[in-house]
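A quick write-up on the structure given underneath.
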Amino acid sequence: MQAANSKSPRVLVLDPSVEARLVLCELLSRTGVATAGAESVGDALVKLKQSPVKVLVVDADAFDPAELAPIVEAAARRGAATVVAGTNRPAGEFGFVRKPYHYRELVHKIWTALEATENPGRAAA
Amino acid sequence: MPSLFVIQGRDQGLRFPLNEPLIGVGRVGGNAIQLNDTEVSRKHAVFEQTGEEFVLRDLNSSNGTFVNGQRIRDKRLLSGDQVQMGRTLLLYTGAAESVADAQGDVNIVGSSGYDDGSRILHSISQSEGSDLLATPADQTQSPWLARARSNLQLMYRTSLAVSHTLDIDQLLARIMDMILEWVDADRGCIMLKDEITGRLTPRVRRLRRGIAPASSNGSEPESDGPKISISQTILDYVIGRGEGVLTSNAGDDSRWDPAGSIMMMGVREAICVPMQGRYGLVGVIYIDTSITPKQMLERQSANKFGEEHLKLMVAIAHQAALAVEDTSHYRAMVQAERLAAVGQTIATLSHHIKNILQGVRGGSYLIELGLGDHGKSLADGSIDIETAAKAVDTIQKGWGIVEKNQERISSLVMDMLTYSKERKPDPEPADLNEIVGDVVELMQARADEFGVEVNWSPADGMPSVMIDPEAVHRAILNVVTNAIDACEGHEPACVTVGTSVDERGEIATVSVRDTGAGIEPDRMQTIFRAFESSKGSKGTGLGLAVTMKIAEEHGGSIDVESQVGQGSTFRIRLPVEGPSSEGDAADEPDASDLRPVTP
């Protein structure tokens, strides 16, 4: 894992649970990744516009799939990857972690997604 | 949605929704409906949707497709049709049809507004009505009428005997007892056809009281009473032809082979009738009797059974078969619904527990990180106040998360136990204001966290109320928690909790008003149902169901008024004198008795 060069959030954590956001943001910040948390889709859309987010992390169990669609589409348009944590794997090309997950596993998925979006050539190789 | 419900066969109890325009049925994978039945073809039939209806089309299956007993090539299905493929019988239920509202067509008119001259000529009470079936005092009636009355009474008794049970063995025992009471038989048994093997299996056997146990072959009686030996020849005939038979002397009956088993067994008289149900043979009822030479001399007859007995037995057996079918189908449906409810309950609880476990993992992980930081700085001697404070802060954050989730699991378990347990409250004189005040104090921290203002207005002169303080505390806690959650993110965010008592001092009320989003009208009917939650992963959906249960156990109630965008007011009403002693709450049952989810 490599440290981020910028203080701008590269990972956006969308989860209504303040605890879940706190834990994940703390863990990612320790690996040198600047993060932002959002408790609602609307909040996430605003933060997505404001920051050069490369990975969106979503708790799929906390939202209706239809509710999530705008933020997932917005992230894709901006070239950000999406990592989904939940009970059932949703349809689509997402990194997926099944609940209850270990945080190391989730962080690994997020880093893999970061690598793929920030260094697509290296990821492909 | 149209559906198929398996009412007979190995898949009994399964329900298949017809939610595609084309649904194949067969015994192999690849069919939308896969039946576990060796007599069903690999690709047996297909259901094709045409508008609101379905057409069933047989795909040249080996054993055919039947609708209501008729073999079909293709058939438009009506709700209630019975579809048979192999040994599997399915009930088709079509889309809900609109039923004309009869209310507009029937008027109940007050006596002042309507008089067509009709007057009451006769009236008869329920008990007098059943006299129709009693033996009349006038014994001069014709033998035909006496027999008809007697038979009518017997059929009436049969219909009563076969109703109101879900236990087939109990049902059969009732039928057999009734037959022995009405027909002068010594012994009898009922055999049911095994749905899988097709073989007859004895399910109930009865001896008429006073019949000495004696083995059929004349040897010493068995310790557990005599066995009833039934001629396979008779059974084959009854099953093969679907006819009841009476045999008083097998050797004189040309239908039997005199050398067959019936002659070896020495049965003097027997009646064996098929239990013919709606969809096929359900089983067989067999009764027999033997007459000693002495009895023949006394009776001046070698026969106890006659054609009348046979007719009666055929009628009883048909009634019994219908009852067995109904009981069997109803049991299957109950079982299916029970399984569905258990499945839903387990799925919902698993979901909540999983989220709580996820929270515990997150908190634990932060603690682990904090301890790691602290240990590392101790080990390399770099510890300073800032590093130590940071490590402690991380540990505290983690511990806070663990504690909160511990509280969540504790609350979930308490709600589950309260909801699942049929219990009588343990009322004692209590200060309702004190209980509500405790709840408000307890919830203050949560309200502060969410930026919600909580106001508390205790009633003056609140009398002592007979309640189970612990249960009522839980009920109010659930409502106040919901109110605070509902206000989160709203402006103003205010929860007002109050108590009051009515003028007669009979009903104490706890009201909880919030300024949250309010409840949509279509959700008002469901908010008190178990596992109904609008709080997503935050709520278990048990809180209001538990509160309602506690209120009702106290002889009270809960209601809600709500306006979307304005907020909601919940009112819990409790009788000051406590729950009525005539309440129907059961005694303490097994705690594992989880109540199924019912709407």
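The values are calculated or read from the model by the stated rules, or taken from the named source; none is laboratory data. Just so it is clear, the structure is predicted and the values come from calculations on it, not from any experiment. Note that we place each Cβ from the backbone using ideal geometry, even for glycine, and neighbour counts take in every protein chain shown. Surface accessibility is based on the protein's heavy atoms, side chains included, excluding ligands, DNA and RNA. Shrake-Rupley method; radii C 1.70, N 1.55, O 1.52, S 1.80 Å.
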Inset, instruction - Round to a whole angstrom and tell me the spacing of the C-alpha centers of segment B:305-374 and segment B:418-486. - result: 34 Å
Inset, instruction - Determine, from the Cβ-Cβ distance of B:Thr201 and B:Asn68 and an R0 of 25 Å, the FRET efficiency 1/(1 + (r/R0)^6), rounded to the nearest 0.05. - result: 0.40
Legend entry - Extension reserve of the B:Asp177-B:Glu307 stretch, reckoned as 0.36 nm per residue once the Cα distance is removed: 44.7 nm
Inset, instruction - Give me the percent of the accessible area of segment B:335-420 that comes from carbon and sulfur atoms, probe 1.4 Å, all protein chains in place. - result: 64 percent
Legend entry - Solvent-accessible area per residue, Å², over segment A:11-118 with all protein chains present [probe radius 1.4 Å]: 43 Å²
Legend entry - Cα gyration tensor shape for segment B:324-396, rounded if a/c is under 1.5, else prolate or oblate: prolate
Inset, instruction - List the accessible area buried at the contact between A and B, summed over both sides and calculated with a 1.4 Å probe, in Å² to the nearest 100. - result: 1800 Å²
Inset, instruction - Between B:Asp326 and B:Asp502, take the C-beta separation as r, use R0 = 45 Å, and let me know the FRET efficiency to the nearest 0.05. - result: 0.35
Inset, instruction - Scan segment B:13-89 for GluC sites (Glu not before Pro) in coil per DSSP, keeping those whose Cβ has at most 13 other Cβ atoms within 10 Å, and list them by number. - result: B:Glu52
Inset, instruction - Quick one: dipole size for chain A, taken about the Cα centre, charges +1 on Lys/Arg Cβ and -1 on Asp/Glu Cβ, in debye to the nearest 20. - result: 480 debye
Inset, instruction - May I ask you to derive the FRET efficiency for B:Leu339 and B:Arg446 from their Cβ-Cβ distance with R0 = 45 Å, giving the value to the nearest 0.05? - result: 0.75
Inset, instruction - Throw me the Rg/Rh for segment B:452-577, computed over C-alpha atoms with Kirkwood Rh, two decimals. - result: 0.96
Inset, instruction - Please give the contour-minus-distance gain from B:Glu53 to B:Lys404: 0.36 nm per residue of separation, less the Cα-Cα distance, rounded to one decimal in nm. - result: 121.1 nm
Inset, instruction - Write down the accessible area per residue of segment B:339-396 in Å², having rolled a 1.4 Å probe over the full set of protein chains. - result: 55 Å²
Inset, instruction - Return the carbon/sulfur percentage of the accessible area of chain A, one whole number, probe 1.4 Å, all protein chains in place. - result: 52 percent
Legend entry - In range of the label at B:Arg76: residues from segment B:19-39 whose backbone nitrogen is under 19 Å from the point 7 Å along Cα→Cβ: B:21-23
Inset, instruction - Round to a whole angstrom and tell me the spacing of the C-alpha centers of segment A:22-54 and segment B:170-208. - result: 73 Å
Legend entry - Cβ-based net charge around B:Leu366, under 11 Å, with every Lys or Arg adding one and every Asp or Glu removing one: -2
Inset, instruction - Would you mind checking segment B:341-361 for residues with the amide N under 15 Å from a putative spin-label position 7 Å along Cα→C-beta of B:Asn19? - result: B:344
Legend entry - Under 18 Å from the Cα of A:Lys7 - lysines, other chains or at least 8 residues apart: A:Lys47, A:Lys49, A:Lys54
